[in-house]
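Participant: I'd like to ask some things about the structure below.
The values are calculated or read from the model by the stated rules, or taken from the named source; none is laboratory data. In this text, all values refer to a predicted model and were calculated from it rather than measured experimentally. FYI the Cβ positions are ideal-geometry reconstructions off the backbone, even for glycines, and counts take in every protein chain you see. Each accessible area value is taken on the protein alone, full model and side chains, heavy atoms only, with ligands, DNA and RNA left out. Shrake-Rupley method; radii C 1.70, N 1.55, O 1.52, S 1.80 Å.
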Amino acid sequence: GASPTNASYIAYAPNPALAVSDYLMNAKYGMGMASSKIDWASVISAADTCDATVSVPGSATQKRFEVNGVVYGTASHKENVDRILSSMNGQLVYSGGVFYVNAGAYISPTVSLNEDSLAGPISVNTSFERTNRFNTMVSTYIDKDQVYTPSETTPVTITSALNRDNNEVLKRSIRLPMTNTNYGAQRIANKILQQSDQQKTVVMPCNLSAMNVKPGDRVQVTISDLSWSNKVFQVIGWAFADMGGNTGVELTLREDDSCSYADLEVGGYSTVSATGVISAGFPGIPAPTSLTATAGIRNIELNWTNPTESEQFQEVQVYASPDSSWTNAVRLGTGRFT
């Protein structure tokens, strides 16, 4: 990112964001694009996201996303780019004559839309059709520990999504041809599963105030009639449209949430022993935070903040102990309260 046309800055790195940028520019095996056609700020942000260190079982660490694989001269540029992007659950967006590289990470919205942005009625779809729903995912990756042969991960399931679908297992399989570790494949599958729970889609006809967004961006939407206050959506479609004789922008949005991009905790990974015994992972539930106790006349008022991942738990239990020991704790109440 420092100077992409200067050979002294070019070096090997298994970083998907840098790899896809190199493929865009390389005239021998890539697309031969000029470096000025790439938004390098987005590349740097995506590359940093990929290089972040995450913990995995065995007291080890990995880079969040790495690209390790092969592109083929007989394949189309789209196929090769998609192969690279799969390793970071990413996107390549072409807007305004420039390529933007996005890794599979949450970026806070900087644009807000409200009733004043509208140029027509909103269309809202609250859920996906059954053919597009899934709550369990199996990913096929190229296992470097098995002589680089295609291998499947243990199925990854999110309990809340399973409950949403009346405990019917809806499985989807994905191919990760540029991922060569089991934990890396599980991590990508888990992120896709988390994002699949965000099912609300919106077609929003806007005036030209929506000109400053592009596919892949996140926006905050405030519509009082729908009880939306700075609700976050990701732009998945953008097109000029005729709004009653005036030119406008029709946005297709999908609801989004920062929690859907969380990395797996160490205990969330499934592991396989040397003898082939599979131990299924459990992602765990974050602890409540900001607990306070305020004395009343004949009571104590407790306040706390529940985990933001509300889909991961069904109830809160409150215990009291005379000596701060769980051994002597007594449960006082159970519910969905704060």
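Participant: Provide, for q = 0.14, 0.18, 0.19, 0.20 Å⁻¹, the log10 of I(q)/I(0) from a solvent-free Debye sum over equal Cα point scatterers in segment 137-283.
Facilitator: Relative scattering, expressed as log10 I(q)/I(0), comes to -0.80, -1.05, -1.11, -1.18.
Participant: Considering only DSSP states other than H, G, I, E and B, which chymotrypsin sites (Phe, Trp or Tyr not before Pro) in segment 3-98 qualify as loop sites with at most 14 other Cβ atoms within 10 Å? Walk me through the intermediate numbers first.
Facilitator: On the way: sites: Tyr9, Tyr12, Tyr23, Tyr29, Trp40, Phe65, Tyr72, Tyr94; in loops: Tyr12, Tyr29, Phe65, Tyr72.
Qualifying residues, ordered by number: Tyr12, Tyr29, Tyr72.
Participant: Specify the longest stretch of the chain that does not include any exposed loop site, a site being one of the GluC sites (Glu not before Pro) with a non-H, G, I, E, B DSSP assignment and at most 11 other Cβ atoms within 10 Å.
Facilitator: After excluding every exposed loop site, the longest remaining stretch is 169-314.
Participant: What's the FRET efficiency of Ala329 with Asn26 using the Cβ-Cβ distance as r and R₀ = 56 Å, to the nearest 0.05?
Facilitator: Result of the calculation: an efficiency of 0.35.
Participant: Continuing with this model, one more query. To the nearest 10 Å², what's Ser36's accessible area with a 1.4 Å probe?
Facilitator: Probe radius 1.4 Å; accessible area of Ser36 about 90 Å².
Participant: So which trypsin sites (Lys or Arg not before Pro) in segment 235-338 are both in a DSSP loop and have at most 12 other Cβ atoms within 10 Å of their Cβ?
Facilitator: Here the trypsin sites (Lys or Arg not before Pro) that fit, given the DSSP loop and packing criteria, are Arg298, Arg336.
Participant: While we're here: Rolling a 1.4 angstrom probe over the protein heavy atoms, how many square angstrom per residue are accessible across segment 228-277?
Facilitator: Value for segment 228-277: 50 Å² per residue.
Participant: List the aspartates and glutamates whose Cα sits under 14 Å from the Cα of Lys191, skipping any in the same chain fewer than 8 residues away.
Facilitator: Straight-line reach from Lys191, under 14 Å: Asp256, Asp257, Asp263, Glu265, Glu309.
Participant: Charges only on Cβ, +1 for Lys and Arg, -1 for Asp and Glu: so what's the dipole of the chain about the Cα centre, in debye to the nearest 20?
Facilitator: 460 debye
Participant: Given N residues in segment 47-107, what is its alpha carbon radius of gyration divided by 2.2 N^0.38 Å?
Facilitator: That works out to 1.33 for segment 47-107.
Participant: Can you give me the relative contact order of the chain as a percent, contacts being Cα pairs under 8 Å and 6 or more apart?
Facilitator: Rounded, it is 13 percent for the chain.
Participant: Counting only heavy atoms of the protein chains, get the accessible area per residue of segment 67-162 (1.4 Å probe) and round it to a whole Å² value.
Facilitator: Each residue of segment 67-162 exposes 54 Å² on average to a 1.4 Å probe.
Participant: Ok, one more. Leaving ligands, DNA and RNA out of it, report the carbon-plus-sulfur percent of the accessible area of the chain at a 1.4 Å probe.
Facilitator: The value for the chain is 51 percent carbon and sulfur by accessible area.
Participant: Which chymotrypsin sites (Phe, Trp or Tyr not before Pro) in segment 139-223 pass both tests, a DSSP loop state and at most 16 other beta-carbon atoms within 10 Å?
Facilitator: For chymotrypsin sites (Phe, Trp or Tyr not before Pro) across segment 139-223 that sit outside H, G, I, E and B with at most 16 neighbouring Cβ atoms in 10 Å, the list reads Tyr148.
Participant: Continuing with the same structure: Got the relative contact order for segment 1-60 handy, in percent, Cα pairs under 8 Å and 6 or more residues apart? List each step's numbers first, then the result.
Facilitator: Values: 41 pairs, mean separation 19.1, N = 60.
The normalised contact order for segment 1-60 reaches 32 percent.
Participant: Determine the alpha carbon to alpha carbon distance for each of Lys200/Lys231; Lys37/Lys214; Lys28/Lys214 and list only those over 19 Å.
Facilitator: Violating the 19 Å limit, Cα to Cα: Lys28/Lys214.
Participant: Starting from 0.36 nm per residue, how many nanometres of slack lie between Leu162 and Ser76 once their C-alpha separation is accounted for?
Facilitator: The Leu162-Ser76 span can extend by a further 27.3 nm.
Participant: A follow-up question, please. What residues from segment 317-331 fall in the zone where the backbone N is under 18 Å from a label point 7 Å along the Cα-to-C-beta line of Phe337?
Facilitator: Zone members listed by number: 317-321, 330-331.
Participant: Positive end of the charge dipole of segment 1-97 (Lys, Arg +1 and Asp, Glu -1 on Cβ, about the Cα centre): tell me which of Gly97, Ile44, Gly73 has its Cα farthest that way.
Facilitator: Value: Gly73.
Participant: Same structure again: Where does the charge balance sit around Gly120 when Lys and Arg score +1, Asp and Glu -1, over other residues with C-beta under 11 Å from its C-beta?
Facilitator: Result for the local shell: -2.
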